[in-house]
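Enquirer: Here's a structure for you.
Each reported figure results from applying straightforward, stated rules to the coordinates on display, with no laboratory input. As the structure is a computational prediction, the values presented were derived from the model and not from experiment. Please note: Cβ atoms are built from the backbone with ideal geometry, for glycine as well, and neighbour counts cover all protein chains shown.
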Ligand code: ZN
């Protein structure tokens with residue numbers, strides 16, 4: 001039986017998908033997400049309109065390894081009024097104005113007292129910072145440094161209408177596509193940041209549309225696929241704690257975050273460093289871009305930290321464009337919908353599909369005519385005109401495949417050794433298999 005599959009990336013890549021993903025992200029952008037609460041639900045309900053997402057609610061207080069599911073946070077309104085009664089910051093204008101997970105407040109404060117609860121960025125004075133206080137009770141506002149400097153002495157009124165419900169829950173979503181094997185490829189995006197386009201909406205959007213594309217191949221892929229949408233850290237820990245029996249099936253995985261800006265591409269390797277996912281992403285990025293930024297694993301970042309922790313050691317890497325923490329828009333109001341563009345979302349989507357093509361076709365083939373080179377001319381596989389430079393380029397991947405296919409090297413290994421794009425090896429391996437020159441033996 002032939003094992004090499006039709007390339008998915010060619011089949012599932014549709015013109016206009018970038019615009020579609022951008023519009024979807026744009027719909028998610030205004031929601032006030034946090035680690036729990038209605039912002040996450042609104043986000044996952046939007047995802048559910050595109051794919052048949054299963055949404056899980058895990059009660060607050062549920063133990064999750066060394067943690068507990070936090071109380072559910074919801075916010076309805078928040079503002080500061082200046083001494084004249086004028087609203088100077090308004091949650092309804094920008095949800096970054098409130099310290100995420102803030103406790104409620106309703107009171108009057110002298111400016112000096114109020115300032116203890118105001119967060120700004122002196123080095124980026126015209127931007128609102130994104131700040132959270134998940135595990136330390138506090139109330140607060142975020143504003144531009146310029147605005148804070150302009151505040152005059154007097155008594156200000158601060159109002160935050162929020163609550164932390166001990167009887168609430170944490171919400172995460174999951175979409176599973178069964179393949180021929182139970183072995184599963186995991187894709188995961190966090191969904192806990194409020195109005196931040198690259199560092200949240202981009203990852204959710206690409207993850208959603210990848211899932212939709214793969215769903216059209218249901219039952220025809222070699223591997224099964226799981227797409228997870230969960231609040232950072234506590235969400236992925238919750239998923240891991242509730243899926244003990246399925247974790248052993250996770251073959252490779254990829255976190256998608258900051259996948260919509262003009263920078264990069266960037267790839268952060270799994271803890272292992274040379275897992276199939278690492279080799280596959282690096283190969284696709286090098287095939288498509290002259291200088292991808294490839295960085296080794298380090299224990300800071302997104303949910304790859306949890307998936308790569310000692311108990312799990314899953315082969316999960318992180319795909320980005322600009323590297324988180326290093327682009328000036330990161331965790332600020334400048335990470336808005338202008339900062340991400342359809343063409344970059346599209347590139348990330350295409351990269352992920354090309355990575356899937358490598359993983360799906362990671363076979364070590366055996367040359368069935370190994371006594372010297374097979375006579376390719378008589379099969380019509382070889383260029384009729386000797387010495388033509390174009391023929392040389394066209395035939396090279398075929399000769400590499402035949403020479404290296406002794407059952408010890410995968411198609412990816414061969415493409416890496418030949419330093420030529422993987423799709424050319426994928427295509428020729430499929431042809432050689434059809435001509436009974438290559439075979440997969442378990
Ligand atoms: Zn972030």
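Enquirer: If R0 is 22 Å, what FRET efficiency do you get for residue 182 and residue 427 from their C-beta distance, rounded to 0.05? List each step's numbers first, then the result.
Expert: Details: r = 29 Å, r/R0 = 1.30.
Calculated transfer efficiency: 0.15.
Enquirer: Tell me, what is the percent relative contact order of the chain, built from C-alpha pairs under 8 Å that lie six or more residues apart? Each step should come with its number before you reach the end.
Expert: On the way: 922 pairs, mean separation 81.0, N = 442.
Relative contact order here is 18 percent.
Enquirer: Another question, then. For the peptides 329-337, 78-86, what is the packing order when you average, over each peptide's residues, the other Cβ atoms within 10 Å and list the highest mean first? The partial results should precede the final answer.
Expert: On the way: 329-337: 20.7, 78-86: 15.1.
Most protected by this proxy first, the peptides run 329-337, 78-86.
Enquirer: Turning to a different aspect of this structure: Relative to the present Cα-Cα distance, how much length would full extension add between residue 90 and residue 368 at 0.36 nm per residue of separation? Walk me through the intermediate numbers first.
Expert: Details: separation 278, 0.36 × 278 = 100.08 nm, distance 7.09 nm.
Result: 93.0 nm gained on full extension.
Enquirer: Using mean Cβ contacts within 10 Å as the protection proxy, how do 219-228, 104-113 order, highest first? Write out the running numbers ahead of the final one.
Expert: Working: 219-228: 19.5, 104-113: 13.0.
Result, highest mean Cβ count within 10 Å first: 219-228, 104-113.
Enquirer: Sticking with this structure for a sec: Evaluate the distance, in nm, between pseudo-label points positioned 7 Å from the Cα of residue 123 and of residue 3 along their respective Cα→Cβ axes.
Expert: The answer from the label model is 5.1 nm.
Enquirer: Calculate how steeply helix 422-434 sits against the longest principal axis of the alpha-carbon atoms of the chain, using the helix alpha-carbon long axis, and give the answer as 0 to 90 degrees to the nearest 10.
Expert: That helix lies at roughly 40 degrees to the long axis.
Enquirer: Then there's this: What residue among 376, 320, 114 has the largest mean-square fluctuation in a Gaussian network model of the chain, using Cα springs under 10 Å?
Expert: The residue that fluctuates most here is 376.
Enquirer: Now, a different point. Which percentage, to the nearest 5, of the DSSP beta bridges contained in the chain is antiparallel? The partial results should precede the final answer.
Expert: On the way: 41 of 63 bridges.
Around 65 percent antiparallel, to the nearest 5.
Enquirer: Sticking with this one: For the chain, what does the alpha-carbon gyration tensor say about shape, rounded, prolate or oblate, given a ≥ b ≥ c as the root eigenvalues, a/c under 1.5 as rounded, and a/b over b/c as prolate?
Expert: Numbers: a/c = 2.98, a/b = 2.22, b/c = 1.35.
Judged from the Cα gyration tensor, the chain comes out prolate (a/c at least 1.5, a/b above b/c).
Enquirer: Here is a further query. Could you give the length gained by full extension between residue 399 and residue 246, i.e. 0.36 nm per residue of separation minus their alpha carbon distance, to one decimal place?
Expert: Working: separation 153, 0.36 × 153 = 55.08 nm, distance 4.05 nm.
Taking 0.36 nm per residue and subtracting the Cα distance, the gain is 51.0 nm.
Enquirer: Subtract the Cα-Cα distance of residue 312 and residue 435 from 0.36 nm times their separation in residues, and report this length gain in nm to one decimal. Walk me through the numbers before you get to the answer.
Expert: Values: separation 123, 0.36 × 123 = 44.28 nm, distance 4.18 nm.
Separation in residues times 0.36 nm, less the Cα-Cα distance, equals 40.1 nm.
Enquirer: By how many degrees, 0 to 90 and rounded to 10, does the Cα axis of helix 342-360 deviate from the longest principal axis of the chain?
Expert: Helix 342-360 sits at roughly 50 degrees to that axis.
Enquirer: At a Förster radius of 45 Å, what calculated FRET efficiency corresponds to the Cβ-Cβ distance of residue 150 and residue 76, to the nearest 0.05? Spell out each step's value before the answer.
Expert: Numbers: r = 28 Å, r/R0 = 0.61.
Using R0 = 45 Å, I get an efficiency of 0.95.
Enquirer: Continuing with this model, one more query. Report relative contact order for the range 72-165 in percent, whole number only (criteria: Cα-Cα under 8 Å, sequence separation at least 6). It would help to have the intermediate numbers written out before the result.
Expert: Numbers: 195 pairs, mean separation 42.1, N = 94.
In percent, rounded to a whole number, it is 45.
Enquirer: For the range 125-280, what is the relative contact order in percent, using Cα pairs closer than 8 Å and at least 6 residues apart in sequence? Write out the running numbers ahead of the final one.
Expert: Values: 189 pairs, mean separation 42.1, N = 156.
Here the relative contact order equals 27 percent.
Enquirer: May I pose another question? So what's the angle, to the nearest 10 degrees on a 0 to 90 scale, between helix 276-288 and the longest Cα principal axis of the chain?
Expert: 90
Enquirer: If you take the square roots of the eigenvalues of the alpha-carbon gyration tensor of the range 364-440 and sort them as a ≥ b ≥ c, do you get rounded (a/c under 1.5), prolate (a/b over b/c) or oblate? Could the numbers behind the result be given before it?
Expert: On the way: a/c = 1.84, a/b = 1.21, b/c = 1.52.
It comes out oblate by the Cα gyration axes.
Enquirer: Let me ask something else about it. Say R0 is 56 Å: what FRET efficiency, to the nearest 0.05, do residue 133 and residue 413 get from their beta-carbon distance? If you can, show how the numbers build up before the last one.
Expert: Details: r = 48 Å, r/R0 = 0.86.
Efficiency computed from Cβ-Cβ geometry: 0.70.
Enquirer: Shape call for the range 72-165 from the C-alpha gyration tensor, a ≥ b ≥ c root eigenvalues: rounded (a/c under 1.5), prolate (a/b greater than b/c) or oblate? Don't jump to the answer; show the numbers that get you there.
Expert: On the way: a/c = 1.70, a/b = 1.25, b/c = 1.36.
Because a/c hits 1.5 or more and a/b fails to exceed b/c, the range 72-165 counts as oblate.
Enquirer: Ordered by packing density, taken as the mean number of other Cβ atoms within 10 Å over each peptide's residues, highest first, how do 37-43, 310-316 rank? Before the final figure, lay out the partial values.
Expert: Numbers: 37-43: 23.3, 310-316: 17.0.
So the order, starting with the most tightly packed, is 37-43, 310-316.
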